[in-house]
Amino acid sequence: MIFLLLVLALFASAMFAGAETGFYGLNPMRLQHESKHTRAAAILLPVLSSPSAFLATLLIGNNLANDAAVKAAGEIGAVLGWSNPEFVGAIILTPLVFLFGEVLPKQFFLARPQRLLHLAVPLAAARFLFWPLTAPLAALARALEGDTQSFVLARRQFAALLQEGSQHPPGEARVMAAALRAMEAHGQDLQAFLRMDLPQFAAETTVSEVAKVLAQQRDTLGLVPQEEGPPALLLGTRLALAPAEACVADVALPLPQLESDLDLSAALTQLRALGVAFAWVEKPGSWAGLCDLEYALAQLLAPNP
């Protein structure tokens with residue numbers, strides 16, 4: 001019985017840890033589409049409706065599961081006659097929790113976030129069970145963040161949906177085609193949709209120095225000028241994984257270059273064909289800027305003044 005409790009606790013820890021990674025990778029627009037056809041998606045959709053409350057649920061559930069696993073390991077140690085069973089059990093259990101409760105489930109859901117649908121029922125049950133604890137936390141998060149989080153998520157997922165193309169079912173492909181037609185109808189000049197406000201850093205600047213500056217920006221993007229060609233792009237997600245003393249030139253990404261005479265629809269079409277979200281656009285002697293897919297879509301989706 002105690003051994004079964006240990007196994008269940010490890011499974012719960014893996015579920016909550018993996019669900020967090022799956023949540024960040026899941027496409028809400030795709031989930032909205034699938035909720036009309038599959039029961040699992042229909043159950044999961046309201047569970048994810050409040051990201052703050054859902055993440056709080058995962059945090060609480062993971063802590064409770066890990067605590068239960070440690071206690072179960074201590075009980076097993078006591079039955080086996082170990083000296084100081086709780087301490088020894090915790091020592092033995094730590095690498096197991098790290099491997100089977102963190103690393104493997106995160107990798108599992110990172111590869112295919114859609115696997116989160118298989119956990120729709122237990123996640124819905126956890127969301128309901130922990131509601132008295134998560135509701136105040138979610139309310140506080142909304143008060144602090146305002147209404148920006150949902151908009152940021154929406155434009156990120158719209159960008160992702162646009163780029164994923166024919167990998168989706170026919171229903172979603174039609175949605176994407178309609179989105180492309182709407183964008184092509186704008187016929188807008190590309191220059192108005194370029195990012196020209198990004199900070200620039202010398203190639204020898206360290207990651208820690210850049211991270212301090214980008215932490216104060218609206219988004220975590222920066223540029224590293226190159227001797228020839230377009231600058232390289234700095235992404236906050238890559239900086240977070242790089243050594244603090246590394247030079248940013250080692251973690252910056254090369255940027256493809258688009259012709260300056262393209263209109264917005266042609267530029268977006270080329271971004272989709274290249275499978276990227278960023279490109280450099282420059283009109284020699286006049287202007288230069290970053291074509292950021294998310295930024296361009298945000299401008300298109302923004303309400304007219």
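Would you confirm whether any residue within the range 90-99 is among the hydroxyl-bearing types (Ser, Thr, Tyr), over 25 Å from ALA139 (Cβ atoms) and in contact with a helix residue (DSSP H, G or I) (Cβ under 7 Å, 6 or more places away or on another chain)? The answer is no, given that none of the residues of the range 90-99 is among the hydroxyl-bearing types (Ser, Thr, Tyr), over 25 Å from ALA139 (Cβ atoms) and in contact with a helix residue (DSSP H, G or I) (Cβ under 7 Å, 6 or more places away or on another chain).
Let's see how each residue does on (1) in contact (Cβ under 8 Å) with a residue 60 or more places away in the chain; (2) crowded, with 17+ Cβ neighbours inside 10 Å; (3) not assigned by TED's automatic domain parsing to the domain that holds GLN191:
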site: LEU221; (1), (2), (3): yes, yes, no
site: GLU227; (1), (2), (3): no, no, no
site: GLY236; (1), (2), (3): no, no, no
site: LEU239; (1), (2), (3): no, yes, no
site: ASP250; (1), (2), (3): no, no, no
site: LEU264; (1), (2), (3): yes, yes, no
site: SER286; (1), (2), (3): no, no, no
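Scoring ALA65 on the criteria (1) free of Cβ contacts under 8 Å to residues at least 24 places away in the same chain; (2) part of a helix (DSSP H, G or I); (3) touching a helix residue (DSSP H, G or I) at 6+ places or on another chain (Cβ under 7 Å) leaves a single failure, condition (1). Taken over the range 70-83, the residue count meeting the criterion of being surrounded by 12 or more Cβ atoms within 10 Å (Cβ to Cβ) and either in a helix (DSSP H, G or I) or on the phi > 0 side of the Ramachandran plot (or both) is 9.
Only a single item in (1) surrounded by fewer than 15 Cβ atoms within 10 Å (Cβ to Cβ); (2) hydrophobic (A, V, I, L, M, F, W, C); (3) over 17 Å from the mean Cα position of the chain (by Cα) is not met by ALA111, and it is number (3).
Here GLU259 does not fit the description of being out of contact with any Pro (no Cβ under 8 Å at 6 or more places or on another chain) and either over 17 Å from LEU194 (Cβ atoms) or in contact (Cβ under 8 Å) with a residue 40 or more places away in the chain (or both).
Taken over the range 6-46, the residue count meeting the criterion of being within 21 Å of the chain's Cα centre (by Cα), of a type outside the set (A, V, I, L, M) and in a helix (DSSP H, G or I) is 15. Quick check on my filter: what residues within the range 52-69 are surrounded by 18 or more Cβ atoms within 10 Å (Cβ to Cβ) and of a type outside the set (Ser, Thr, Tyr)? Correct list: ALA53, PHE54, LEU55, ALA56, LEU58, GLY61, ASN62, ALA65, ASN66, ALA69. Within the range 184-204, is even one residue among the hydrophobic types (A, V, I, L, M, F, W, C) and modelled with pLDDT under 65? Checked the range 184-204: at least one residue is among the hydrophobic types (A, V, I, L, M, F, W, C) and modelled with pLDDT under 65. Residue-level check: of (1) under 26 Å from GLY25 (Cα atoms); (2) at pLDDT 85 or above; (3) in contact with a Ser or Thr (Cβ under 7 Å, 6 or more places away or on another chain), PRO256 misses just (3).
The values are calculated or read from the model by the stated rules, or taken from the named source; none is laboratory data. The shown structure was predicted, so the numbers you read here are calculated from the model rather than taken from an experiment. Quick reminder, even Gly has a Cβ in these numbers, built from the backbone with ideal geometry, and neighbours come from all protein chains shown.
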